[in-house]
Amino acid sequence: MNATASVKFRSISATDAAMLTDLMRRAFVQAFSHNTGAEDLKAYMDSHFTIRRQRSELSDPKTVNVLVTVDGHPAGYAQMDAHPPPDFVEVRRPVQLRRFYLLKSHWGTYIADELMQVCLERLAGLGYDGVWLSCWDQNARALAFYRRWGFRSCGTAPFIVGNDRQTDFILVRWIGPDATDGGPELTKAAGEYGNEGQP
Ligand SMILES: CC(C)(COP(=O)(O)OP(=O)(O)OC[C@H]1O[C@@H](n2cnc3c(N)ncnc32)[C@H](O)[C@@H]1OP(=O)(O)O)[C@@H](O)C(=O)NCCC(=O)NCCS
């Protein structure tokens, strides 16, 4: 990315479903084709990243969707919703950061930080006080990124990609008042979450 590139963040809606689906599929393959079988990737994408499903998810008023463009081209996205967390996450008004992806050519730039800032401000503005997410235990880069942003692991959850049963860490971060102090304790004892957490 050149230094003069124009990076923008905007909300998206059901009319963007085809564009988002294409972006989701490209970002997913770029992120995981080196350590997940092609058949498993395809099975997951064919079930989750379809225009029909995205049209439905984007129409859900409880979701918050942010698209990143670079010089007018889709470059990444984040999806958030009020899906309830595992019971070991003790947050009064929780929100899930469900998907957070950049195309690989934008990794290691400042864009992920800006996208996270945009997301946390949007969520705090909507009155949520804690963000939780689920991240594959083998995804060291994303885990390092979330750790730098103050997310802390509080348990695990199974995650199924095709026929591959993986383990995710459940991470949580306070965004309510006093967030700069780390906020209050957000979890009970570390726990394990059932399959119902599968996004
Ligand atoms: C997750 C993602 C948005 C982060 O954006 P990014 O631009 O890559 O993040 P950054 O470069 O700012 O930070 C990456 C961190 O990982 C570290 N890192 C890089 N490669 C690593 C590796 N192989 N192992 C461990 N840490 C690694 C970097 O040093 C950096 O850590 P630091 O912030 O403590 O210095 C981006 O990598 C992405 O889109 N990945 C694919 C999608 C994905 O995995 N999403 C999360 C699903 S839960």
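Structure above, values below:
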item	result
Qualifying positions in the range 67-104 - without any contact (Cβ under 8 Å) to a residue 60 or more places away in the chain and either of a type in the set (Gly, Ala, Ser) or under 16 Å from THR21 (Cβ atoms) (or both)	LEU67, HIS73, PRO74, GLY76, ALA78, GLN79, ALA82
Yes/no for ARG148 being over 26 Å from LEU41 (Cβ atoms) and at pLDDT 85 or above	yes
Residue in the range 1-32 that is nearest to the ligand (Cβ to nearest atom), counting only those that are closer than 24 Å to VAL64 by Cα and small (Gly, Ala, Ser)	ALA31
Unmet criterion (only one of (1) over 16 Å from the mean Cα position of the chain (by Cα); (2) surrounded by 13 or more Cβ atoms within 10 Å (Cβ to Cβ)) for PHE145	(1)
Given (1) away from the ligand (no atom under 16 Å from the Cβ); (2) modelled with pLDDT under 95; (3) exposed (fewer than 14 other Cβ atoms within 10 Å of the Cβ), number of the condition ASN35 does not satisfy	(1)
Qualifying positions in the range 102-141 - within 10 Å of the ligand (Cβ to nearest atom), surrounded by 19 or more Cβ atoms within 10 Å (Cβ to Cβ) and among the aliphatic types (A, V, I, L, M)	LEU102, LEU103, ILE111, ALA112, LEU115, MET116, LEU133
Members of the range 142-156 that are within 14 Å of the ligand (Cβ to nearest atom) and touching a residue at least 60 places away in the same chain (Cβ under 8 Å)	none
Criterion: buried (at least 16 other Cβ atoms within 10 Å of the Cβ) and over 24 Å from PHE159 (Cα atoms) - qualifying residue of VAL64, VAL68, VAL95	VAL68
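The values are calculated or read from the model by the stated rules, or taken from the named source; none is laboratory data. Just so you know, these numbers come straight off a predicted model, no measurement behind them. When we count neighbours, we look across all protein chains shown, and the Cβ atoms used for this are built from the backbone with ideal geometry, even at glycine.
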